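What follows is a short report on a single structure.
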Amino acid sequence: MRVAIVTESFLPYLNGVTTSVCRVVECLRDGGHEVVVIAPRPAPTSYAGYAVHGLASVPVRQFPVGLPLGGEVETLLRGFAPDVVHVASPFVLGASALSAADRLGLPTVAVYQTDMPSYLRQHGPGAVGRGAARAAWRWIRRMHELADLTLAPSSATLAELRAHDIPRVTLWARGVDAVQFHPGWRLDAGTAALRRSLAPHGEVLVGYVGRLAPEKELLRLTSLAGLPGVRVVLVGDGPTRGQDGAALTAAGVDTVVLGRREGDDLARAYAAFDLFVHTGTRETFGQTLQEAAATGLPVVAPGRGGPLDLVDHSRTGLLFDPDDPTALRDAVAHLVGDRVKREAMGAAGRVQVTGRSWATLTDQLLGHYADAQRSRTLVG
């Protein structure tokens, strides 16, 4: 197949959208398909042997937002003549791509990934935030009405999209690289050195990996203050990197901020942890939860949104009630005090995710591409 991928986020910026796009491109290459990527600048000129077309952008909260100007997206699509247009987390650039593809009669698959309404509601005061969220849903519905198929990453997100009258929605989860992330990293010399530096007195390391930003609700971790022998380790970067670490420390939480890590260094960071914790309640999926599970870590996460599909409560980790201010602390304390249970949950989590390779998920995605083609043919 010839696949045009239009994405709101791409390298050098790392997040769930970028990771998903990169893995899909790699798997499509391995399957012998032809791909072009259209993304905001700054972007590399190529990836995995395929051309990347960078479009003008403006920075918004440390991320570039693509500006489709002068029909550039439509020109690129017409020139490449794809069999299907894959639009990753559409909002601005993706909206332009869906409109252009509709004019050109091209089949489209829109991959919903970012909960923009919740983001706007959180960052706007009172009625302003609520109004912005309602406007965002109207925009999302208008965009996705143009798509032949919309893919939701989790059952909770699928239900939410349907509740907001988004048409033609089905489930497509995310893969995990269980080769890159695996328990064997605990035997690595670099991991052992990192572990010694982070836990010189045998501390239990409670790790978080992800963006450091208000929507991740990391201040929930202040509830861990006073837990004996516990150190919180934050891996990632973002607009609240300085504030999050300082706030946790001021609240009495023993905290270390490692910053952004990639590749083997990221795998070593996971392997140095004793358990993994996630705090955000607005996740449409939760890729880092899968990476932690692949490393053999028990996962503690809110019982809301994407984590509901990823954490088998009491078997691979613990889901806590985000409306109960003591629930996160209770869940972490329960696992901190029981190493046998941590190891059993981690082993079960590893087994659970090993069948979720990106190759398997990309095979499913090809099936969705074919469905979109059939839908477009019927409409035509």
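The values are calculated or read from the model by the stated rules, or taken from the named source; none is laboratory data. In this text the structure is predicted, and so the values were computed from the model without any measurement. Cβ: placed from backbone, ideal geometry, glycine included. Neighbour counts: every protein chain shown. For the accessible areas, the whole protein counts, side chains as well, though only heavy atoms, and no ligand, DNA or RNA atoms are used. Shrake-Rupley method; radii C 1.70, N 1.55, O 1.52, S 1.80 Å.
Considering the stretch 201-219, the residues that are under 17 Å from Val256 (Cβ atoms) and small (Gly, Ala, Ser) include one that is surrounded by the most Cβ atoms within 10 Å (Cβ to Cβ), namely Gly207. What about Ile166, is it under 23 Å from Arg376 (Cα atoms), aliphatic (A, V, I, L, M) and either open to solvent by 30 Å² or more (accessible area, probe 1.4 Å) or in contact with an Asp or Glu (Cβ under 9 Å, 6 or more places away or on another chain) (or both)? Yes: the conditions hold for Ile166. Every test in (1) open to solvent by 50 Å² or more (accessible area, probe 1.4 Å); (2) under 18 Å from Thr114 (Cα atoms) is passed by Pro12 save one, and that test is (2). Looking across the stretch 5-45, the residues that are assigned to a strand (DSSP E or B) and either under 18 Å from Val65 (Cβ atoms) or not charged (D, E, K, R) (or both) come down to Ile5, Val6, Thr7, Val35, Val36, Val37, Ile38, Ala39, Pro40. Screening Thr108 on (1) hydroxyl-bearing (Ser, Thr, Tyr); (2) more than 23 Å from Arg2 (Cβ to Cβ); (3) touching a helix residue (DSSP H, G or I) at 6+ places or on another chain (Cβ under 6 Å) shows it passes everything except condition (2). Tell me, yes or no, whether the stretch 67-74 has at least one residue that is modelled with pLDDT under 90, of a type in the set (A, V, I, L, M, F, W, C) and either surrounded by fewer than 18 Cβ atoms within 10 Å (Cβ to Cβ) or under 25 Å from Thr362 (Cβ atoms) (or both). Yes, the stretch 67-74 contains a residue that is modelled with pLDDT under 90, of a type in the set (A, V, I, L, M, F, W, C) and either surrounded by fewer than 18 Cβ atoms within 10 Å (Cβ to Cβ) or under 25 Å from Thr362 (Cβ atoms) (or both). Applying the set (1) over 30 Å from Asp148 (Cα atoms); (2) of a type in the set (S, T, N, Q); (3) touching a helix residue (DSSP H, G or I) at 6+ places or on another chain (Cβ under 7 Å) to Thr354 leaves exactly one unmet item: (3).
Residue by residue, here is whether (1) assigned to a loop (DSSP other than H, G, I, E, B); (2) touching a strand residue (DSSP E or B) at 6+ places or on another chain (Cβ under 9 Å); (3) aromatic (Phe, Trp, Tyr) holds:
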{"residue": "Gln180", "(1), (2), (3)": "yes, no, no"}
{"residue": "Arg186", "(1), (2), (3)": "no, no, no"}
{"residue": "Asp237", "(1), (2), (3)": "yes, yes, no"}
{"residue": "Gly245", "(1), (2), (3)": "no, yes, no"}
{"residue": "Val257", "(1), (2), (3)": "no, yes, no"}
{"residue": "Arg261", "(1), (2), (3)": "yes, yes, no"}
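Kindly check whether there is at least one residue in the stretch 295-313 that is closer than 14 Å to Gly346 by Cα and surrounded by fewer than 22 Cβ atoms within 10 Å (Cβ to Cβ). Yes: the stretch 295-313 contains one or more residues that are closer than 14 Å to Gly346 by Cα and surrounded by fewer than 22 Cβ atoms within 10 Å (Cβ to Cβ).
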